[in-house]
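The values are calculated or read from the model by the stated rules, or taken from the named source; none is laboratory data. Note that the structure is predicted; figures quoted are calculated from it, not measured. We place every Cβ from the backbone using ideal geometry, glycine too, and count neighbours over all the protein chains shown. In case anyone asks, the SASA skips ligands and DNA or RNA and just uses the protein heavy atoms, side chains included. Shrake-Rupley method; radii C 1.70, N 1.55, O 1.52, S 1.80 Å.
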Amino acid sequence: VDFLRSLFSSTLGLGSAEKVLDELTLAGVARYINGGKCKNIVCMVGAGISTSAGIPDFRSPGTGLYANLQKYNLPYPEAIFQIDYFKKHPEPFFALARELYPGQFKPTICHYFIKMLKDQGLLRRCYTQNIDTLERVAGLQGEDLIEAHGTFYTSHCVSFCCRKEYTLDWMKEKIFADAIPKCEKCGSLVKPGESILFSLERDFPRCDLLIVMGTSLQVQPFASLVSRVPKSCPRLLINMEKAGEAGPMLGLLGFGGGMDFDSDKAYR
């Protein structure tokens, strides 16, 4: 077990379990940020940061986006964002895209908070599960963002041999014509650009504060990113429910890579 622990720690870039915050509260996080030692904040955000903009969340019974898509018989909610399912059944994704298309909603205080972190020189990157582009509307640029489930700003043919790029206007015309976008070159599906190849080596090993907002952390590989920051890195969850807690296997090995809210060992 000690060997496996050492191997996983070096592979995942996890350091020692140093306690950085003077207390596990919002005030403690604020003091840490204002103390000058916090210079590389990574944000991970999901649909919950956009609900106050009028965009339905995903899981509310009867009113959530997933509930409204059940006529498509999704095998499970997260399938809508998985590329293998999309290639076979693109209709649910584009039904969702019509509801969330850019220009129909305004950013929330969460989006402007992330922009403020950028303006203060503290934001290393924002990783978003959202396709509503409200991070961009709030003032974040392409280099500030990893849009894990795609972005309307660029779309690509899903064929590995083609990958032809299409514009925002081209995609908008197809979506609102109720048409499934097909590549004009090879006939394959076209999807708002995937960004699943996360910038792990650039961002997470250097992160000194991870802020997670408005996500249930149930879609992989996005959800696993909470365990990729150094072991001393404080992690703040702003959410309606607990999320991202450690899985039993990592807990058995003594890593605690997931979130730990309640145990006596919680330190960050």
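For Met213, the residues whose modelled amide H falls within less than 5 Å of its own, excluding neighbours fewer than 5 places apart on the same chain, are Met44, Val45, Gly46, Ile238.
Cross-link partners for Lys231 among the aspartates and glutamates, with Cα-Cα distance under 18 Å and sequence neighbours closer than 8 places in the same chain left out: Asp2, Glu18, Asp22, Glu23, Glu201, Asp203, Asp208, Glu245, Asp260, Asp262, Asp264.
Once backbone amide H atoms are built at 1.01 Å from N, Ser155 has Tyr166, Gly193 as its partners under 5 Å, excluding neighbours fewer than 5 places away on the same chain.
By a 1.4 Å probe calculation restricted to protein chains, His89 has an accessible surface near 80 Å², given to the nearest 10. Distance between the modelled labels on Thr25 and Glu245, one decimal in nanometres: 2.4 nm (7 Å Cα→Cβ projection).
Each residue of region 134-141 is assigned a 3J(HN,Hα), and the resulting list reads 5, 4, 5, 4, 6, x, 6, 9 Hz, derived from the Karplus form 6.51 cos²θ - 1.76 cosθ + 1.60 (θ = phi - 60°), x at Gly and Pro.
Distances between placed amide hydrogens fall under 5 Å for Glu245 paired with Met259, all partners being 5 or more residues away or on another chain.
Please work out how much length the chain gains when fully extended from Lys185 to Phe261, using 0.36 nm per residue of separation minus the C-alpha to C-alpha distance, in nm with one decimal.
Values: separation 76, 0.36 × 76 = 27.36 nm, distance 5.11 nm.
That pair, Lys185 and Phe261, stretches by 22.2 nm at full extension.
Between Gln104 and Phe176, the distance separating the two model label sites (each 7 Å from Cα on the Cα→Cβ line) works out to 1.1 nm. Computed with every protein chain present, the accessible area of Glu18 is close to 110 Å² [probe 1.4 Å].
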